[in-house]
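Colleague: Provided herewith is a single structure, encoded as structure tokens, for subsequent inquiry.
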4 protein chains.
Amino acid sequence: MYKIDLNCDLGESFGRYTLGLDGEVIPLITSANIACGYHASDPVIMEKTVKLAKDNGVHIGAHTGFPDLMGFGRRNMVLTMQEARTYTIYQIGALKAFCDASGTKLSHIKPHGAFYNMAAKDYDLAHAICEGVHQCCNELIFLGLSGSIMEKAALDTGLIFKSEVFADRAYEEDGSLVARSKPGAMIEDEAAIPRVIRMITEGKVKAITGRDIDIKADSVCVHGDGPKTLEFIKLLREACNTSDIKIEVMS
Amino acid sequence: MYKIDLNCDLGESFGRYTLGLDGEVIPLITSANIACGYHASDPVIMEKTVKLAKDNGVHIGAHTGFPDLMGFGRRNMVLTMQEARTYTIYQIGALKAFCDASGTKLSHIKPHGAFYNMAAKDYDLAHAICEGVHQCCNELIFLGLSGSIMEKAALDTGLIFKSEVFADRAYEEDGSLVARSKPGAMIEDEAAIPRVIRMITEGKVKAITGRDIDIKADSVCVHGDGPKTLEFIKLLREACNTSDIKIEVMS
Amino acid sequence: MYKIDLNCDLGESFGRYTLGLDGEVIPLITSANIACGYHASDPVIMEKTVKLAKDNGVHIGAHTGFPDLMGFGRRNMVLTMQEARTYTIYQIGALKAFCDASGTKLSHIKPHGAFYNMAAKDYDLAHAICEGVHQCCNELIFLGLSGSIMEKAALDTGLIFKSEVFADRAYEEDGSLVARSKPGAMIEDEAAIPRVIRMITEGKVKAITGRDIDIKADSVCVHGDGPKTLEFIKLLREACNTSDIKIEVMS
Amino acid sequence: MYKIDLNCDLGESFGRYTLGLDGEVIPLITSANIACGYHASDPVIMEKTVKLAKDNGVHIGAHTGFPDLMGFGRRNMVLTMQEARTYTIYQIGALKAFCDASGTKLSHIKPHGAFYNMAAKDYDLAHAICEGVHQCCNELIFLGLSGSIMEKAALDTGLIFKSEVFADRAYEEDGSLVARSKPGAMIEDEAAIPRVIRMITEGKVKAITGRDIDIKADSVCVHGDGPKTLEFIKLLREACNTSDIKIEVMS
């Protein structure tokens, strides 16, 4: 019997702007990464999304991003380590207050977008983020890219690390994601499901070079912003079911 | 033996911009209201200010403002009650995380600028703020304008309310502050000190009309952004000393 | 032969967030009010929307809003007259640069949301906005609420004023819009079209009290954010056609 | 007879925050680079600074920065070429409107902080900025790092390029600035003045390696945020005077 967590980025609306099918995705996942007002979201959205997660028994994580609403946190920004650490503390604290207000708890943290991608390749940056988590909320699980330097940073700081895999992205031989700009970077839906099942059950994935590499899968990242996505998650859930994989929150 | 708390707004710098004599004011006060990134401050400043307060044994409060950095939170904004409540939760949470990270605690909340002034005259708004406090951090003291509708809102919500007085501002007969635009709104430094001493020891102040009114003084608001201010606080401390008033944090 | 302009608020997307059916609405209107980055939009969206308007032969106006992205410029904010004036100059200038870059021209200005509603009732505020327009771009048409104090402010400043009417909103006897919170504030689509035709051809509309009032209609505001809206504009265009009303840009 | 322009970054205050000795520096310089609301400044400050420059007969340039107020535009951000181009157009337009409103003209553009430093080493980025200038305001002089790739980008786009030198910074042999983090990066005031005079009169400067390199000096960047700075500018002006160098705006 295997097990896997399904995580999705939620609560990315902002003011008058709506993004994502939060209400439809939430019953299908086990962990929600909720934006904290830096790259997306605002306090009204945060409260609403925390309640939605709580009502659906989904674990809540802080999705901490760059202070770049105009770029949705997807643009590389060069922060100092002090900034990376304190921006993490600020955002965790803000979301945790909504968890407290709703009588639920904050379970994990996952950096967002460019913050995630930069930290996956930069030990010092990853460590600064982990220091922030450690200082304000030591019990949070750190959810990061499987096989990346984030894992070492989290363990060095004394945090629990869980490995995230992507169903729709190709991997390089070193376990990093193939840049979206390269051909073959995205995996089609039909190919994606058996790929993920193999990651979970065998701990292997075929890299873009054709060679098998090792990969650890504690949680699969699924998307929440397209009707095709809902279909994909349902198919993935069925495939897990028939492969003796239990869909269960990380712990 | 009387007692009084001295509170000051600190941590109002932002990025490259420095404001206030935080390091010089902090040894002279007992409570610091720290900005939370909405009307002023950023995470780097917040961490630094929390540490400064902790190192000086000064109690920490969340100084929650409007999301209006350009206007420094001093412009009236019409929020919904949901916005007022959730903006309060967000800012308290963010600051509390820095208190947790520094191993100290958050003691009180005081709305800032136009948020404070509007709430002092609008029960629903004051109540929405108090609801936010109650939901995420019920143990916080609510520091608000002495004699204002904020007190009722705080008590109705089950919060502890403490009454703030201003040394340098004239009062109307109904206990509200005389608008800054009116003549006589500001009190000169020499007159201010005996005025405050009387508020503390007699519970009275002469309104702008010349009539004495009742006033409750748990905490005096002092300013932190001018060298004259430091002198004023020192004189106020001496006057308290000679009037048998103990300077002590609210509790 | 009568004539009428059809204006619509466009370019209200922001970064990752998309709002409005700009591409579908634009062939159906004659004037586009384009957001300028304060209440909505960003430079990439502004450039794209200016090009879209130019390609469709639609006149371009600056839709100047409050600096409140989180509230979409819909929350009342109390600005100084200097702020109202300079915020207007800033936003007009930014949009005009995109017009210059696209080889087209800026034709009008219309304040947005709460800025519009507050200025419609506050001569000083309306005048400050008009002063800003006058100082940087004197030739722009000022598009404002029909019968409101904006008209006097514009004329006093030496600007050309054009009167905007709303198809879907009820009017008070004094010509102001019935607050959205009141029952009967919104007009159903079927009733809206003959109402507008009457405003154009007779200069009259039935107020919410049942009494006819005078109204001047140079331009009708239509919405751009719902599929029903496209249908409504098409019906309105047909009704104009059969009523001998030419749909033509303001001048 | 030689000639040189003295430029300074001004108008970097924001809302309640004051930065720089604008009023004292302005009589000592010939070109003012004025912040445009992205990395610093707001419309009230922009209007005030444009008037100050006009009243002192100082030429005005748009100091265009990253949309990063919290980082004062000093943090590297990876923009798309479309973003770099349109952010430039937006900021130029906004500032130009204040020039129009004040009856003066916009003369040049100089990217700010990290935007400048990144563009000095990245032709595509520099070219995107120049394209923006070319599209909306073709007559502006582009003021950039002497000897950098910015010059080629400006000339390729058809803009006039002027070469900026720094009195207080060491140069690498390739003409780039020595990173501030390296020892010897900053030049002391006493050494700085003969260094600048030599750049202007001989077109040479000693690189950090000790070797002389060629350098073109159309304009010297002086600072505006410290009392020592005012003294330095006065000494530089005297040294120019005794070296037969006329201080004159770029053209």
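Colleague: If I filter segment D:142-157 for residues that are closer than 27 Å to D:Ala191 by Cα and surrounded by fewer than 21 Cβ atoms within 10 Å (Cβ to Cβ), do I get at least one hit?
Modeller: yes
Colleague: Quick check on C:Lys246: is it in contact (Cβ under 8 Å) with a residue 40 or more places away in the chain and in contact with a Phe, Trp or Tyr (Cβ under 8 Å, 6 or more places away or on another chain)?
Modeller: So C:Lys246 passes the test.
Colleague: Just one of (1) closer than 23 Å to B:Gly71 by Cβ; (2) over 15 Å from the mean Cα position of the chain (by Cα) trips up C:Lys96, so point out which.
Modeller: (1)
Colleague: Which one is farthest from the other protein chains (Cβ to nearest Cβ) among residues in segment B:118-133 that are surrounded by fewer than 19 Cβ atoms within 10 Å (Cβ to Cβ) and free of Cβ contacts under 8 Å to residues at least 40 places away in the same chain?
Modeller: It comes out as B:Tyr123.
Colleague: While we're here: Does C:Ser181 satisfy the condition of being within 17 Å of the chain's Cα centre (by Cα) and not in a helix (DSSP H, G or I)?
Modeller: Here the answer is no, as C:Ser181 does not meet what is asked.
Colleague: Now for a separate question. Among (1) within 27 Å of A:Pro194 (Cβ to Cβ); (2) more than 14 Å from every other protein chain (Cβ to nearest Cβ); (3) not hydroxyl-bearing (Ser, Thr, Tyr), there is one condition A:Leu155 misses while meeting the rest; what is its number?
Modeller: The failed condition is (1).
Colleague: Shifting gears a bit: Restricting to segment A:93-113, and then to whatever is within 14 Å of chain B (Cβ to nearest Cβ) and part of a loop (DSSP other than H, G, I, E, B), can you tell me which residue is nearest to A:Lys54 (Cα to Cα)?
Modeller: So, considering only residues that are within 14 Å of chain B (Cβ to nearest Cβ) and part of a loop (DSSP other than H, G, I, E, B), the one nearest to A:Lys54 (Cα to Cα) is A:Thr104.
Colleague: If the Cβ limit is 8 Å and pairs must be 6+ apart or interchain, which residue in segment B:5-19 that is free of Cβ contacts under 8 Å to residues at least 40 places away in the same chain and under 17 Å from A:Glu83 (Cβ atoms) pairs with which residue that is of a type in the set (A, V, I, L, M, F, W, C) and not in a loop (DSSP other than H, G, I, E, B)?
Modeller: Taking only residues 6 or more apart or on different chains, the pairs are B:Ser13/B:Ile45; B:Tyr17/D:Phe14.
Listed here are the residues, each with its yes/no results for (1) among the small types (Gly, Ala, Ser); (2) over 30 Å from D:Glu47 (Cβ atoms).
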| position | (1), (2) |
| --- | --- |
| C:Val133 | no, no |
| C:Cys137 | no, no |
| C:Leu143 | no, no |
| C:Met150 | no, no |
| C:Asp156 | no, no |
| C:Phe161 | no, no |
| C:Asp168 | no, yes |
| C:Ala207 | yes, yes |
| C:Arg211 | no, yes |
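Colleague: Something else: Can you say whether B:Ser243 is hydroxyl-bearing (Ser, Thr, Tyr) and over 25 Å from B:Ile26 (Cβ atoms), as far as the supplied structure shows?
Modeller: no
Colleague: Out of (1) within 24 Å of B:Gly73 (Cβ to Cβ); (2) out of contact with any Lys or Arg (no Cβ under 6 Å at 6 or more places or on another chain); (3) part of a loop (DSSP other than H, G, I, E, B); (4) facing another protein chain (nearest Cβ under 9 Å), what's the single condition that is false for D:Gly20?
Modeller: (4)
Colleague: Going by the structure shown, is C:Gly61 part of a loop (DSSP other than H, G, I, E, B) and among the small types (Gly, Ala, Ser)?
Modeller: When the stated conditions are applied, C:Gly61 does not pass them.
Colleague: Report whether or not A:Gly203 is in contact with a Lys or Arg (Cβ under 7 Å, 6 or more places away or on another chain), farther than 22 Å from A:Leu10 by Cβ, surrounded by fewer than 18 Cβ atoms within 10 Å (Cβ to Cβ) and among the small types (Gly, Ala, Ser).
Modeller: Spelling it out, A:Gly203 is indeed in contact with a Lys or Arg (Cβ under 7 Å, 6 or more places away or on another chain), farther than 22 Å from A:Leu10 by Cβ, surrounded by fewer than 18 Cβ atoms within 10 Å (Cβ to Cβ) and among the small types (Gly, Ala, Ser).
Colleague: Give the residues of segment D:43-67 that are in contact with a helix residue (DSSP H, G or I) (Cβ under 8 Å, 6 or more places away or on another chain) and of a type in the set (Asp, Glu), sorted by residue number.
Modeller: Across segment D:43-67, the qualifying residue is only D:Glu47.
Colleague: While we're looking at this one, here's another question. Being touching a Leu at 6+ places or on another chain (Cβ under 6 Å) and at pLDDT 95 or above is the requirement here; does A:Val196 meet it?
Modeller: No; evaluated as a whole, the condition is false for this residue.
Colleague: Across segment B:83-113, what is the number of residues that are closer than 21 Å to B:Val220 by Cα and in contact with a strand residue (DSSP E or B) (Cβ under 7 Å, 6 or more places away or on another chain)?
Modeller: Of the residues in segment B:83-113, 7 are closer than 21 Å to B:Val220 by Cα and in contact with a strand residue (DSSP E or B) (Cβ under 7 Å, 6 or more places away or on another chain).
Colleague: Looking only at residues in segment B:16-42 that are surrounded by fewer than 24 Cβ atoms within 10 Å (Cβ to Cβ) and among the polar types (S, T, N, Q), which one is farthest from B:Ile92 (Cα to Cα)?
Modeller: It comes out as B:Thr18.
Colleague: Now a separate question. Taking segment B:197-245, which residues are farther than 28 Å from B:Ile160 by Cβ and not in a helix (DSSP H, G or I)?
Modeller: Result: B:Lys206, B:Ile208, B:Thr209, B:Gly210, B:Arg211, B:Asp225, B:Gly226.
Colleague: Specify the residue that is surrounded by the most Cβ atoms within 10 Å (Cβ to Cβ); the eligible residues are those in segment B:43-92 that are within 9 Å of chain A (Cβ to nearest Cβ) and acidic (Asp, Glu).
Modeller: Here the residue is B:Glu47.
Colleague: Working only within segment D:216-243, note down all residues that are farther than 25 Å from D:Ile149 by Cβ and either out of contact with any helix residue (DSSP H, G or I) (no Cβ under 8 Å at 6 or more places or on another chain) or of a type in the set (Asp, Glu) (or both).
Modeller: D:Asp225, D:Gly226, D:Pro227, D:Glu231, D:Glu238, D:Asn241, D:Thr242
Colleague: Something else about it: Among the residues of segment B:184-211, which ones are under 21 Å from B:Asn117 (Cα atoms), within 20 Å of the chain's Cα centre (by Cα) and of a type in the set (Val, Ile, Thr)?
Modeller: Correct list: B:Ile187, B:Val196, B:Val205.
Colleague: Within segment C:149-162, is even one residue modelled with pLDDT of 95 or more, under 16 Å from C:Gly61 (Cβ atoms), within 14 Å of the chain's Cα centre (by Cα) and part of a loop (DSSP other than H, G, I, E, B)?
Modeller: Scanning segment C:149-162 turns up no residue that is modelled with pLDDT of 95 or more, under 16 Å from C:Gly61 (Cβ atoms), within 14 Å of the chain's Cα centre (by Cα) and part of a loop (DSSP other than H, G, I, E, B).
Colleague: Moving on to the next point. Regarding segment C:74-90, can at least one residue be identified that is assigned to a loop (DSSP other than H, G, I, E, B) and among the aromatic types (Phe, Trp, Tyr)?
Modeller: no
Colleague: Which of the following residues is in a loop (DSSP other than H, G, I, E, B) and either closer than 17 Å to B:Thr88 by Cβ or among the β-branched types (Val, Ile, Thr) (or both): B:Glu131, B:Glu139, B:Glu173?
Modeller: Just a single option satisfies the conditions, and that option is B:Glu139.
The values are calculated or read from the model by the stated rules, or taken from the named source; none is laboratory data. Note that this is a predicted model, so its numbers are computed, not measured. Neighbour counts run over all protein chains shown; Cβ positions are idealised from the backbone, glycine included.
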